[in-house]
1. Out of Ala144, Ala156, Ala163, which single residue is among the small types (Gly, Ala, Ser) and not in a helix (DSSP H, G or I)?
2. For segment 156-180, give me each residue that is closer than 16 Å to Phe209 by Cβ and either exposed (fewer than 12 other Cβ atoms within 10 Å of the Cβ) or within 29 Å of the chain's Cα centre (by Cα) (or both).
3. Exactly one condition in (1) part of a loop (DSSP other than H, G, I, E, B); (2) open to solvent by less than 30 Å² (accessible area, probe 1.4 Å) is false for Ala233; which is it?
4. Which one is farthest from Leu234 (Cα to Cα), of the residues in segment 184-208 that are in a helix (DSSP H, G or I) and open to solvent by 80 Å² or more (accessible area, probe 1.4 Å)?
5. Within segment 221-230, can one find any residue that is touching a residue at least 40 places away in the same chain (Cβ under 8 Å) and open to solvent by 60 Å² or more (accessible area, probe 1.4 Å)?
6. Tally time: how many residues in segment 257-279 are of a type in the set (A, V, I, L, M) and modelled with pLDDT under 80?
7. If you check every pair at least six apart or on different chains, which have Cβ atoms under 8 Å apart with a residue in segment 252-280 that is within 23 Å of Ala238 (Cα to Cα) first and a residue that is assigned to a helix (DSSP H, G or I) and modelled with pLDDT of 85 or more second?
Amino acid sequence: KKSTSTTTTTTTHSSKNEGKKISSSSSSNKKLSSSSTSHKKTSAKKKENEPSNSTTLPSSYSKKSPTSTTSSTAPKRKKTSTTITSTATTPKKRKSMSLPTSSASKKAKTGSLLPSSIKARPTVPSIDDDVPDITDSEYENVEALMVQFCRTPLLAEFSRPVALLHPELMPIYSKIVKHPIDLGRVCRSIRRRLYQNTRAIRLDMWRIFANCVKFQTDPRNRDSAVPSFVSIALHLRAYFNALWQEYMIPSDPPPPVSSASGSKNRLALIHANHSWEKREEARKARFIQLSTTILSAKCIGRAASAIQEFTDSGGKVDVLDEQRLFHDGEDDVETFVHLLQRLKTKLQEIASSNREYTMDELRRSMRDCILSEDLFE
């Protein structure tokens, strides 16, 4: 009897719980149905507010944009956005700005007597410019220049071909350097008078130093590269350029450019005036650097012999000078020559006594000869 009573009580409890669950599920279903009905109502209201399909929608209207249902100003904003996108997709063609033409460009269009190289950079010669043939006097000065240049003690690696000095480097050297040349070959060509003009001599000398820099800085030559050769090559090139200015440019100033008749002569005079002015600037810079340098006895003796040659030639520094500075029968010339002779004897005495004599003192002594009061009496 007790067992049957317990079973009946459990069944009654379970039935009660099931009834509660069923009631809760029914209430939740009612809530869902109410929410669905409210959603249907709101959607119907939205459809009523939306324009009908018969009306044509504007191009800027989009259903995804929330602003279309809130305010009437939304289409205006979308119009601005569409105009922006249209300008971004189809850019307007920019008008080509025409700069005002100057008088120089007008002259260039109409044509002028000067070639294009003078208009661009008149002082820098190009490789296409005509160069006159080398003369015998220029060959003499080139030989004197090379004698002075070959006295430097840093030319051992440049005097002969690399194939003779370092044959083990030829497999990689031939890949890097396409136009090998050495100093001995240039000197032989000068002695045999094989060069047609002075520009060819300068190009061959510059190629010697350029080949050295190219070979020592190439990444394929990392194992056998010697960085000190780069500084040596640059120093030798600067020294050669300084000697070229002193030996191959005449001491007489070139005539003015206005005296030229044709365009080629005008271009040659422009280059000559520029090189002459450049040498004067280099001399001033060199005097500033060497003003406190003490001259050796040999250098002082060479200065005395140069003064003697200058007076004997009538005021010519070398064979490139065409005009004589001194003429017989002039009192001022005789006074100036006498002052130079006195300076020569003074330099010879200083060289024999081994007394210290600086570059600045030599320059002042030369200036005293030119600006002496005896010349202006």
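1. Criteria check complete, one pass: Ala156.
2. Result: Ala156, Phe158, Tyr173, Ile176, Val177, Lys178, His179, Pro180.
3. It is condition (1) that Ala233 fails.
4. The qualifying residue farthest from Leu234 (Cα to Cα) is Arg191.
5. No, segment 221-230 contains no residue that is touching a residue at least 40 places away in the same chain (Cβ under 8 Å) and open to solvent by 60 Å² or more (accessible area, probe 1.4 Å).
6. 4
7. Sorted first by the residue in segment 252-280, then by its partner, the pairs are Ser275/Gln245; Lys278/Gln245; Arg279/Gln245; Arg279/Glu246.
Results for (1) under 25 Å from Met359 (Cβ atoms); (2) open to solvent by 50 Å² or more (accessible area, probe 1.4 Å); (3) in contact with a helix residue (DSSP H, G or I) (Cβ under 6 Å, 6 or more places away or on another chain); (4) outside the structural domain of Phe149 (by the TED database), shown as yes or no for each residue.
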residue: Gln245; (1), (2), (3), (4): yes, no, yes, no
residue: Ser258; (1), (2), (3), (4): no, yes, no, yes
residue: Leu269; (1), (2), (3), (4): no, no, yes, yes
residue: Val319; (1), (2), (3), (4): no, yes, yes, yes
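The values are calculated or read from the model by the stated rules, or taken from the named source; none is laboratory data. Predicted, not measured: the structure shown is a model, and the values here were computed from it. Here Cβ is always computed from backbone atoms with ideal geometry, including for glycine, and neighbour counts include all displayed protein chains. Ligands, DNA and RNA are excluded from the accessible area calculation, which covers all protein heavy atoms including side chains. Shrake-Rupley method; radii C 1.70, N 1.55, O 1.52, S 1.80 Å.
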